[in-house]
Amino acid sequence: MNTYGRLPAAMAYGKGCRLWDVNGKSYLDGLGGIAVNTLGHAHPKLVPALQDQVAKLIHTSNYYYTPNAEKLAARLTELSGMTNVFFCCTGLEANEAALKLARKYGHDKGIEKPQIVVYEKAFHGRSIATLSATGNPKVQAGFGPLVEGFIRVPMNDIEALKKATVGNPNVVAVFFETIQGEGGINPMRIDYLKQLRALCDERDWLMMVDEVQCGMGRTGKWFAHQWAGIVPDVMPLAKGLGSGVPIGAVVAGPKAAHIFQPGNHGTTFGGNPLAMRAGVETIRIMEEDGLLENAAKVGAHLKAALEQALAGNPGVKEVRGQGLMLGIELARPCGVLAERALAAGLLISVTADSVVRLVPPLILTEAEADEIVAILAPLIEAFLKE
């Protein structure tokens, strides 16, 4: 179906942070499959592990135990300070499960019409429920009526949230991305995250943090909210967790871990042996290769280099983000830059119309970061002169 505005390239193979198309042209990967290819392409430690798994078992079903699912759940709870995990296949599915958890949490407390606080510019997926939670009218257009039960507030304004929920006994949860991805790389402030955690505790709400794009080491910690020293009640994950193998997870703390009972929720492909092996190996390799430290170090280097290269240009509003999740906001829509960068041998995306998004593999080196800047900065400068 005609669902994607595709760029004129077909990729054939990759190695590290480089891809080659069917014509043999090479590209530096600044997009990482949209924050998915944590370990880059054809990682020498990941490939043999996945080949081994494919030769043994790809899928069985959730009628049976999958040893690597228990292993991966143990790692995720250990890294997050939470207690239980539900495995699915995508970020949308993980977010949908979180919304179901919040509603059942409300019903279990006797709330007939539970409401969930969500944010302006948020993006949580394209199913009818996650679309309703999303804060982008453009993405929602043509798919009404949307699901009710959401209260929308601006980011980083605790008073606005209090005002929007005052005297409302139906609120059950606050649902947000620590750094909004599709919304334009918009970070939540650390003080706001702490205020939010305190408010959720005070009002007995679930704190649900969508770490689908900003989690799995991308910011230099396992999960972006950890910079604020808080622990959520519910945390959807996906994208980078399987280094390209489709995988999603909902990690839950004590307040939410036992809301679902047998029959309440399920999935056909979630938790299958291939995806679980991909998750286990991804975390192992990230630890062995020091990729959290690398994301923080190379990300800081890339951000500083971009700021320096673009300094003094009035058309550049801000370079923002953390680790290897960066956005360059320009003063006008810049969708054409994705195709121009492609022509120049660099993969990027443009999100929220005017934000160039960089979410490269976490194996990116400082030399490769400099290469990104050397290609991208002149393209931005030339575009802004037009």
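Worth pointing out:
- Filtered residues of segment 273-309 (kept if open to solvent by 30 Å² or more (accessible area, probe 1.4 Å), in a helix (DSSP H, G or I), acidic (Asp, Glu) and more than 24 Å from Pro378 (Cα to Cα)): Glu287, Glu288, Glu293
- Across segment 26-41, not a single residue is classified as farther than 28 Å from Leu302 by Cβ and assigned to a loop (DSSP other than H, G, I, E, B).
- Residues that are of a type outside the set (Phe, Trp, Tyr), closer than 26 Å to Leu193 by Cα and open to solvent by 20 Å² or more (accessible area, probe 1.4 Å) within segment 114-128 comprise Gln115, Glu120, Lys121, Arg126, listed in sequence order.
- Condition broken by Tyr65, with the remaining ones in (1) surrounded by 16 or more Cβ atoms within 10 Å (Cβ to Cβ); (2) more than 28 Å from Val209 (Cβ to Cβ); (3) of a type in the set (Phe, Trp, Tyr) satisfied: (1)
- When residues in segment 310-331 are screened for being more than 21 Å from Leu79 (Cα to Cα), touching a residue at least 60 places away in the same chain (Cβ under 8 Å) and surrounded by 22 or more Cβ atoms within 10 Å (Cβ to Cβ), 3 of them pass.
One line per residue, one yes/no per condition, for (1) open to solvent by 20 Å² or more (accessible area, probe 1.4 Å); (2) among the charged types (D, E, K, R); (3) touching a residue at least 40 places away in the same chain (Cβ under 8 Å):
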residue	(1), (2), (3)
Glu159	yes, yes, no
Lys163	yes, yes, no
Asn168	yes, no, yes
Glu177	no, yes, yes
Gly183	no, no, yes
His225	no, no, yes
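- Segment 280-306 residues that are under 19 Å from Gly244 (Cβ atoms), paired with ones that are part of a helix (DSSP H, G or I) and open to solvent by 40 Å² or more (accessible area, probe 1.4 Å) (beta carbon under 6 Å, 6 or more apart): Val280/Lys71; Ile283/Arg75
- Single residue of Ala55, Ala73, Ala12, Ala49 found to be assigned to a helix (DSSP H, G or I), farther than 24 Å from Val356 by Cβ and touching a strand residue (DSSP E or B) at 6+ places or on another chain (Cβ under 6 Å): Ala73
- Taking each residue of segment 244-263 that is over 15 Å from Ala73 (Cβ atoms) and buried (at least 21 other Cβ atoms within 10 Å of the Cβ) and looking for partners that are modelled with pLDDT of 95 or more and among the β-branched types (Val, Ile, Thr) with beta-carbon atoms closer than 8 Å, six or more apart or interchain, yields Gly244/Val36.
- Boolean, Asp191 is over 28 Å from His107 (Cα atoms), open to solvent by 10 Å² or more (accessible area, probe 1.4 Å) and more than 17 Å from the chain's Cα centre (by Cα): yes
- Which listed residue, of Ile372, Ile348, is buried (at least 20 other Cβ atoms within 10 Å of the Cβ) and over 21 Å from the mean Cα position of the chain (by Cα): Ile372
- Residue within segment 68-82 that is over 22 Å from Arg284 (Cα atoms), in contact (Cβ under 8 Å) with a residue 12 or more places away in the chain and open to solvent by 50 Å² or more (accessible area, probe 1.4 Å) present: no
- Residues (of a type in the set (Asp, Glu) and within 19 Å of the chain's Cα centre (by Cα)) located in segment 107-154: Glu120
The values are calculated or read from the model by the stated rules, or taken from the named source; none is laboratory data. These numbers were taken from a predicted model, which means no experiment stands behind them. Positions of Cβ are generated from backbone atoms using ideal geometry, with glycine treated the same way; all protein chains shown enter the neighbour counts. Surface areas here come from the heavy atoms of the whole protein model, side chains and all, with no ligands, DNA or RNA. Shrake-Rupley method; radii C 1.70, N 1.55, O 1.52, S 1.80 Å.
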